[in-house]
Amino acid sequence: MTKVCGAVKPASWAKFGLYGFALTVVYYSALRQMIGVDWEKEDFNYCYLIPFVVLYFIWEKRDGLAALASQRSWGGLPLLCLGLFLFWIGELAGEFFSLYISFWLVIVGLVWLHLGWEKLKTIWFPMAMMLAMFPLPDIINVRLTFGLKLISSQIGVAMLQLYGMSAYREGNVIDLGFTQLQVVEACAGLRYLMPLLVLSLILAYWYRVHIWKRIFLVLSSIPIAIFVNSFRIAATGVLYSVWGAPVAEGFFHGFAGWLIFMGTIPVLLAEMWVLGKLPPRGDADRGSRIAEVDSKFNRSASGCTENPKSSFFSPVFIVAVVLLGSTLILSKTIEFREKIPIKRSFKEFPVQVGEWSGSKGQMEQQFIDTLHFTDYAMADYRNPQGKSINFYTAYYESQRKGEATHSPETCLPGAGWLFREAGTTNVPLGPERSMPVKRAFMEKSGQRELTYYWFAMRGRTLTNLYQVKLYTFWDALTKHRTDGALVRLITPVYGKESVQEAEARLQEFTKEIVPVLREYIPE
């Protein structure tokens with residue numbers, strides 16, 4: 001390995017500019033989605049600050065970086081290759097989060113390739129902090145939000161009852177007698193949890209105490225966020241009884257949330273003060289850290305050489321440029337997907353399926369614009385006994401980033417449905433034939449429903465969104481196809497009807513509808 005002095009040379013700036021240009025072009029669609037769409041959401045507004053925090057922490061380490069010699073290393077090549085592999089998964093499977101992680105891995109790999117492991121360790125925290133820029137995938141985001149919503153509702157109701165008010169919770173709805181409060185996404189706790197978690201990480205990084213105290217400080221941000229959010233819900237209920245609806249919506253609701261969040265900062269500072277009083281006191285790692293830095297400085301100073309003129313054409317740089325350049329050219333010049341038209345338009349979808357009679361429905365234009373499907377069908381079918389099943393299917397002739405099928409696991413909980421049971425089951429279609437489907441029993445404000453859904457993907461029946469993404473990636477490479485459809489069936493669980501009776505109805509309808517769908521969805 002060749003060591004070069006820490007001073008930044010013109011060749012280094014040229015490399016930096018070339019990499020910056022290549023990364024911007026390769027990841028342009030992902031960066032546009034992240035900054036222009038994801039960060040615009042109120043849950044992720046804090047992400048705008050993360051790049052500045054990262055740059056500040058790197059600038060703070062400028063002296064330590066200058067004291068260490070750059071050491072070109074092939075150790076970063078596996079990270080770079082893994083990042084580019086995830087790029088193709090995200091690009092062909094239509095998954096933005098894979099592109100975000102790919103972007104991070106490529107940057108870390110390039111830093112390791114050109115600066116070496118010692119310098120990378122020096123800036124490990126700002127490099128790790130970059131991950132806070134990337135919003136979680138919807139399927140994880142919704143599950144986390146919904147879980148926090150229920151916990152916050154439970155604690156909030158307990159606080160209201162402790163205050164002396166009559167409060168009862170059903171799902172995410174709190175009944176106060178004189179009104180009902182619905183704990184929606186704005187109250188879910190994620191808007192508190194993620195910024196508070198990032199803030200606690202920053203404080204723990206600066207907090208020069210024993211490692212267990214820093215870990216405790218970070219982990220404590222989770223219960224603090226939940227408790228603070230529960231207090232906000234309880235306070236909203238109390239104030240509602242005095243001032244009415246304005247305190248539960250609009251500006252006052254948002255301002256109250258911001259004010260309560262600001263109150264968590266003194267809580268974290270007070271916690272740091274208490275932890276500082278506990279043994280072991282002081283910076284347990286200070287002596288070893290100083291000795292380690294001195295040792296690194298001495299080793300670097302003794303082995304430092306002037307940057308050779310040929311360093312611009314170093315092997316690691318050439319390999320990195322070839323890999324990035326190939327990715328750029330292939331992604332911009334080759335179309336890996338063919339648009340596969342639907343066999344028959346869903347406008348022709350029958351309203352009579354076996355003994356089931358249906359009436360077609362229309363989706364609002366705002367949802368059509370958001371979902372980006374090629375064709376869809378939506379109808380309510382009834383059997384001779386008057387029991388109904390809501391049928392919905394959406395077909396995509398080519399799935400791309402931002403224009404791909406989604407999972408009902410993300411939209412149904414977002415609409416307030418509580419999943420009591422969720423899993424996979426097999427529906428018998430005939431002798432020795434069955435089909436896997438995703439099954440969920442849901443409740444919302446006293447209503448009960450049972451749903452089946454599956455993904456019809458190029459002759460496969462899939463029940464997991466991650467399977468869908470991986471097969472879409474593979475089929476784009478091997479078949480140049482990414483078409484597919486989501487099929488969803490929902491039936492109410494009527495009155496005293498058992499879940500088993502509703503399930504038998506769903507299975508009966510599934511047997512009837514699957515052969516009909518084959519006439520429309522390509523295999």
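Every read-out reported here was derived from the displayed coordinates using simple, explicitly stated rules and does not represent laboratory data. Bear in mind that the values here come from a model prediction, so they are computed numbers and not experimental data. Here the Cβ is made from the backbone with ideal geometry for all residues, glycine too, and neighbour counts use every protein chain on show.
Relative contact order for the range 346-518: 20 percent, from Cα pairs under 8 Å spaced at least 6 residues apart, divided by residue count. Along the Cα→Cβ direction, 7 angstrom out, place labels at residue 24 and residue 478. What is the inter-label distance in nm? Label at residue 24, label at residue 478, 3.9 nm between them. Each peptide in 399-405, 200-206 gets a packing score, the mean of other Cβ atoms within 10 Å over its residues, and the list from highest to lowest is 399-405, 200-206. Amide H contacts under 5 Å for residue 375: 395, restricted to partners 5 or more places along the chain or on a different chain, H placed in the peptide plane at 1.01 Å from N. Stokes-Einstein, applied to the Kirkwood radius of the range 346-518 over Cα pairs at a viscosity of 1.306 mPa s and 10 °C, places its translational diffusion at 94 µm² s⁻¹. Between residue 63 and residue 500, the simple spin-label model (points 7 angstrom out along Cα→Cβ) gives 7.5 nm. Extending 7 Å from Cα along the Cβ direction at residue 429 and again at residue 222 yields two label points whose distance is 4.1 nm. Straightening the chain between residue 334 and residue 321 buys 2.8 nm, computed as 0.36 nm per residue apart minus the Cα-Cα spacing.
Could you state, as a whole-number percent, how many of the C-alpha pairs of the range 417-519 are farther apart than 20 Å?
44
Let me have the relative contact order for the range 34-125, percent, based on Cα pairs under 8 Å that are six or more residues apart.
33
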